[in-house]
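J.: Pasting a structure here, questions to come.
The values are calculated or read from the model by the stated rules, or taken from the named source; none is laboratory data. Since this is a predicted model, take the numbers as computed values, not measurements. Glycine also receives a Cβ, built like all others from the backbone with ideal geometry; neighbour counts cover every protein chain displayed. To get the accessible areas, we keep the full protein, side chains included, count just its heavy atoms, and leave off ligands, DNA and RNA. Shrake-Rupley method; radii C 1.70, N 1.55, O 1.52, S 1.80 Å.
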Amino acid sequence: STQSTWGNNHLLTCKVVNVLHMTLYHSTRGGCRPLKFLDTVLAGLADDGGLFVPQRVPTVDMQTLQSWKDLSYSDLSFNIMRLFIDDSEIPAADLRALINKSYAHIDSGGHFKHKEVTPLVSVGNQYVLELFHGPTLAFKDVALQFLGHLFEYALKKENRKMVVVGATSGDTGSAAIHGLQGRENVECFILFPHGRVSPIQERQMTTVAAGNVHCVAIDGNFDDAQAIVKDLFSDLDFKKTFSLGAINSINWARILAQIVYYFYAYFRVHDHQSSQGQDPSATVDFAVPTGNFGDILAGWYAKRLGLPVGRLVIATNENNILHRFFTNGQYHKSTVVATNTPSMDIQVSSNFERFLFFCAGEDPKLLRSWMESFQQTGKLTLGGNHLDMAHNEFISCCVTQQQTLQIIQRAYEEHGYMLDPHSAIGFYAGLQCMQSTSPMVCLATAHFGKFLDAVESAVGHEVPLPPSLNSLWQLPTRVTRLAADSLVIKKFIWDTAPLSAQNLTPPKSRRNSSVSRHVRFEELREAAHIKLLSPRNDPETALSTASNQSDPVTYSGLTWAQLTKWTFTVGFAAGVAVWLRHRLRK
């Protein structure tokens with residue numbers, strides 16, 4: 001009996017210790033209760049409009065760091081991710097299985113074409129970290145292959161369905177689609193700016209035939225698409241009704257997955273230095289082509305974890321809002337300029353709020369006032385200690401379109417290495433900011449074949465497409481073109497996506513709010529109807545309308561039109577029955 005009592009007390013103590021050490025996630029704007037990891041992943045954007053960040057960032061000592069240096073990419077991912085994911089949420093065996101599936105080689109039934117996942121190569125006096133060996137040949141694959149498996153795991157565990165909504169300037173959309181296609185309990189809606197992604201990027205999205213994938217080309221730019229997504233998440237009724245989830249880098253899981261390859265690159269630099277008879281350098285610098293600030297933010301978190309990172313270089317194109325901020329503290333929106341690096345044609349970097357939270361001393365009230373002011377005026381100016389904190393963490397470099405083409409040509413002619421234009425921006429910035437005391441790693445974010453127009457212009461001759469991209473031109477496309485308007489997008493989701501069962505049958509205590517919500521959605525549908533562009537009347541729309549109409553999305557065998565009609569009929573019949581009963585009593 002005594003032994004049993006001790007055992008129970010010991011288990012209780014262990015549970016208390018685990019809870020105390022579990023990493024929770026809170027909103028940058030302070031208006032939400034802290035969430036556990038899986039709840040954070042499924043929520044995407046916080047209900048108060050903020051982004052989730054870990055309440056504490058663990059640190060890795062040098063002894064632990066050295067014990068990781070020879071790990072495979074998957075094993076390294078496991079050791080880093082488990083610092084942020086408690087065993088009570090995802091047991092170690094399950095986390096290993098998720099990671100192994102995410103980063104499996106094509107020879108083993110996976111999607112990555114290189115066994116190292118993110119190999120490091122030497123190009124001149126810099127290193128290039130190749131992040132484009134996934135299914136869509138872009139760095140987004142590294143995070144979104146993991147996120148797709150993670151969504152499926154979490155939804156199955158909680159017996160939930162989810163509607164995932166994302167905005168893309170090109171690479172996020174195709175990587176998300178390839179990570180989520182065919183996944184159970186997930187409907188995926190991807191918004192991209194019509195005519196502002198490369199033809200290859202558009203084909204990678206619109207040729208996927210999976211029934212749970214819906215591509216939407218909006219008449220606007222990427223910032224418009226991103227604003228629509230944030231608007232959908234800020235409509236809490238809509239978010240709850242459809243269990244909205246996020247695949248953009250506002251989702252913390254994407255940042256977490258991207259932290260890993262900074263550690264992997266650091267170890268591979270030391271391997272190369274040792275093979276050349278050199279002593280391993282104390283720190284490693286990184287130059288990162290930056291638009292939405294997610295990729296380089298992962299590097300910043302890697303540094304906070306304890307990775308010996310020297311400089312973090314933000315490399316921007318001519319849409320240089322981040323460069324202007326780190327130059328003079330002015331985070332001011334301006335008109336988006338179309339460039340030869342379309343994935344970076346962004347004026348509002350959605351992940352930047354996480355870093356601004358740090359600059360605000362992690363004061364959610366101050367951060368909230370900054371973001372509200374920026375939303376109203378399009379301008380945020382920092383100075384003094386706040387700007388000093390930013391300068392201590394990053395430096396920046398702006399690269400023009402002409403300089404981008406010149407560096408592509410130079411890398412090809414001098415080293416026989418082909419850069420895509422986005423990677424070229426990082427490579428150019430790396431050359432400008434290189435230090436003699438620290439090796440420079442430039443992140444190659446996409447395969448050159450995705451941007452052949454710019455590459456061929458730079459090298460002066462035709463460049464063959466990789467077979468995986470060339471085959472896209474033989475496939476049919478499926479896309480809907482709509483106005484850049486939140487109401488229009490809400491109506492499209494309402495008409496297309498099945499609701500989960502628990503949201504169709506709310507608790508009795510919420511019947512009135514459910515009815516009012518139904519009325520509000522009917523009004524929303526009616527208001528949006530006049531703004532909805534008819535694809536049949538638009539000759540520029542690349543849309544297989546017939547295939548969409550011949551295979552409508554259903555719930556329990558009913559289309560949404562049938563379900564709405566059925567609900568109205570039952571309600572009308574019930575009303576008639578009550579009226580007749582009243583008359584008969586008289």
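J.: Excluding ligands, DNA and RNA, what is the solvent-accessible area per residue of the stretch 267-307 at a probe of 1.4 Å, expressed in Å²?
T.: I get 31 Å² per residue for this part.
J.: Under the rule of at least 5 residues apart or a separate chain, name every residue whose amide H is placed under 5 Å from the amide H of Tyr417.
T.: The list, which skips near neighbours in sequence, is Tyr412.
J.: With a cut-off of 18 Å, note down the residues of the stretch 176-218 whose backbone N falls inside the zone around a label point 7 Å from the Cα of Asn159 toward its beta carbon.
T.: Within reach of a label on Asn159, which here means backbone N under 18 Å from a point 7 Å along Cα→Cβ, the stretch 176-218 contributes 184-186.
J.: Beyond 17 Å, what share of the Cα-Cα pairs of the stretch 175-280 is found? Please give it as a whole percent.
T.: When all Cα pairs of the stretch 175-280 are counted, 67 percent exceed 17 Å.
J.: When the accessible area of the stretch 179-234 is computed with all protein chains present and a 1.4 Å probe, what percentage of it is carbon and sulfur?
T.: The nonpolar share, carbon plus sulfur, comes to 44 percent.
J.: Counting only heavy atoms of protein chains, what accessible area per residue, in Å², does the stretch 187-258 have with a probe of 1.4 Å?
T.: Using a 1.4 Å probe on heavy atoms only, each residue of the stretch 187-258 averages 23 Å².
J.: Using Cα positions and a limit of under 18 Å, work out the aspartates and glutamates in reach of Lys115, with same-chain residues fewer than 8 apart set aside.
T.: Candidates past the 8-residue exclusion: Asp70, Asp75, Asp107, Glu130, Asp141, Asp271.
J.: Please report, as a whole percent, how much of the solvent-accessible surface of the stretch 47-173 comes from carbon and sulfur atoms (probe radius 1.4 Å).
T.: Result for the stretch 47-173: 47 percent of the exposed heavy-atom area is carbon or sulfur.
J.: While we're looking at this one, here's another question. If packing is taken as the average count of other Cβ atoms within 10 Å, what order do 273-286, 28-41 fall into, highest mean first?
T.: Put in order of decreasing packing, that is 28-41, 273-286.
J.: Among 146-158, 166-178, how do they line up from the highest to the lowest mean number of other beta-carbon atoms within 10 Å?
T.: The most tightly packed comes first, giving 166-178, 146-158.
J.: What distance in nm separates the simple spin-label points at Gln376 and Val121, each placed 7 Å from Cα in the Cβ direction?
T.: Between Gln376 and Val121, the label points sit 5.2 nm apart.
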